[in-house]
Structures are given as C-alpha cells and as structure tokens.
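Okay, so here's the structure we're looking at.
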Amino acid sequence: MTLGNFYQYFFYVIWLVLIGFWLVLSRHVKVTVRRQPALARVVNLALLCAAIALLAGPFVPLHWLTARVLPGSHWRLRCALGAALTFLGVLLTISARLYLGGNWSSVAAVKADHELVTSGPYRWVRHPIYSGLTLGFLGTALAIGQWRGVLAVVLELIATAQRIVIEERFMREQFGAAYDAYAQRVRALLPGLI
C-alpha cells in the first residue's frame, strides 16, 4: 500500500467510524419535546450532504472544483496535517457526544428533562460537536487541497452557524440565566475566538 492510498483509506475509515458511533449512540437519547422547524432541518441537511459529497465523492461535476488551491508538491505534509486535524476533530466530536449523553439530538432540539452540560469539552466550548466537525472538515479539505474542499468547509460552516443560532435560542429559553452565565464564560466554537 502506498502512502497516498493509506491517506485515502484513512479519511474514509475515520469518517465511517464517526458515523457508526453516531448510529449506535442515537438509540440512547431522551424524548424530544421541541425541535427546530422542518424547513431549517431540510436546509441544514442539504448543506451538510452537499459538503460531504464534495469531500467524499471522487467525481465532481464542475471542473474548477478539482483545481488545486494548495500546491501538489507538498502533498505528504498536507495529508499528514489534514489527517491529524481530522482525527482530532472526530475525537473531539465523539468525546462531546459522550458527555452530552441522552441530551443529544440529530437536530437542534430540547429533550425531556434536558440538562445543561458544562463539563468535559463543554467547559472549553459551548458547541464542541460542531467544533470537532468543523476541524474534521478542515483537515479533510486540507488533505484534498482542491477548491471543492474550500467549498465544502464553507457549506459546513453555514450549516453549523444555522444550527448554533437555533440551539442558542432553545438553550436560553430552557435554562435562562444559567445559560447566559455559561455563554459569558465559554465561547461558542473556538475557545477565546468565536
């Protein structure tokens, strides 16, 4: 197996591990009492599916999307850094999902007996699952080094921003001053930045 093949398989395997993990844990959640509107869910899912297709699909219909945005001469360094970022992003996402427990939902939602989780990765960032996914998308896009990766990250960031706006509103309505205090001391996506 060549190094290039290793990286190609690595990215597919790491994302498949996350998807498998997600599917297994999705059965052990609390009952949803409120969720984001249907149109917002559809738009969010469409943006994420488009981003995933751009990163995962070997065939991209628009030629300019496969043009290099980063030099091909440094592909080993780019792939190694991309693999490390993707691995760290997936690890953060899995860790955050474990801490969230039964409060997790595949859409922005409030659960029965919803708890405000502020431990684990939630002590550093309010949305560590989205932070991890963004880091993973950035890593995979870096390894690809093409314009399709840039577009995929932009689409993922739009979807993430949409979800965060809705979730922030739900959490403020659910937890009031406790969530406001939490939001004052902990950043939404990147500690100290966003």
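What follows draws every value from the coordinates through simple rules; no lab data is involved. Here the structure is a predicted model, which is why all the values come from computation and not from measurement. Methodologically, a virtual Cβ is constructed for each residue, glycine included, from the backbone with ideal geometry; neighbour enumeration extends over all protein chains shown.
Which part of the stretch 76-107 falls in the paramagnetic zone of residue 32, meaning amide N under 17 Å from the point 7 Å along Cα-to-beta-carbon? Correct set: 101-107. In whole angstrom, note down how far apart the Cα centers of the stretch 1-71 and the stretch 121-194 are. Each part reduced to its Cα centre gives a spacing of 16 Å. A value for Rg/Rh (Cα atoms, Kirkwood Rh) was derived from the coordinates, and within the list (i) 0.93; (ii) 0.99; (iii) 0.97 it appears as (ii). Computed over the chain with a Gaussian network model linking Cα atoms closer than 10 Å, the most mobile of 178, 80, 53 is 178. The H on the amide N of residue 34, modeled in the peptide plane, is under 5 Å from the matching H of 110, each at least 5 residues off or on a different chain. Among rounded, prolate and oblate, which fits the stretch 5-65 when a ≥ b ≥ c are the square roots of the eigenvalues of its C-alpha gyration tensor, a/c under 1.5 means rounded, and a/b larger than b/c means prolate? Since a/c reaches 1.5 but b/c is at least a/b, the shape of the stretch 5-65 is classed as oblate.
Charges were assigned to the Cβ only: +1 to each Lys and Arg, -1 to each Asp and Glu. The resulting dipole of the chain about its Cα centre is roughly 40 debye.
Scanning residues 5 or more positions from residue 146 or on other chains, those with amide H under 5 Å from its amide H are 69, with H placed 1.01 Å from N in the peptide plane. In terms of surrounding Cβ atoms within a 10 Å radius of their Cβ, 95, 106, 119 rank from fewest to most as 119, 106, 95.
Ordering 114, 63 from the fewest to the most neighbouring beta carbons within 10 Å gives 63, 114.
GNM remark for the chain: springs join alpha carbons under 10 Å apart, and the peak mean-square fluctuation among 157, 135, 39 falls on 39.
Proximity of backbone amide H atoms, modeled 1.01 Å from N, is registered between residue 187 and 126, 192 at under 5 Å, excluding neighbours fewer than 5 places apart on the same chain. Dividing the summed helix terms, -39500 (n - 2.57) for each DSSP H run of n ≥ 4, by the number of residues in the chain produces a 222 nm estimate of -22000 deg cm²/dmol to the nearest 500.
Over 23 Å, how big is the tail of the calculated P(r) for the stretch 87-194, in percent of all Cα pairs? That tail contains 26 percent of the Cα-Cα pairs.
Here the Karplus curve 6.51 cos²θ - 1.76 cosθ + 1.60, taken at θ = phi - 60°, turns the phi angles of the stretch 65-80 into couplings of 6, 9, 5, 6, 9, 10, x, x, 5, 9, 4, 5, 5, 4, 5, 5 Hz, with x standing for Gly and Pro.
Between 75, 64, 124, the residue with the greatest mean-square fluctuation in the GNM of the chain (Cα pairs under 10 Å linked by springs) is 64. Between the listed residues 79, 116, 89, the Cα displaced farthest toward the positive end of the dipole of the stretch 67-186, a dipole computed from Cβ unit charges relative to the Cα centre, is found at 79.
With each pseudo-label sitting 7 Å past Cα toward Cβ, what's the residue 80-residue 65 distance in nm, one decimal? The answer from the label model is 3.1 nm.
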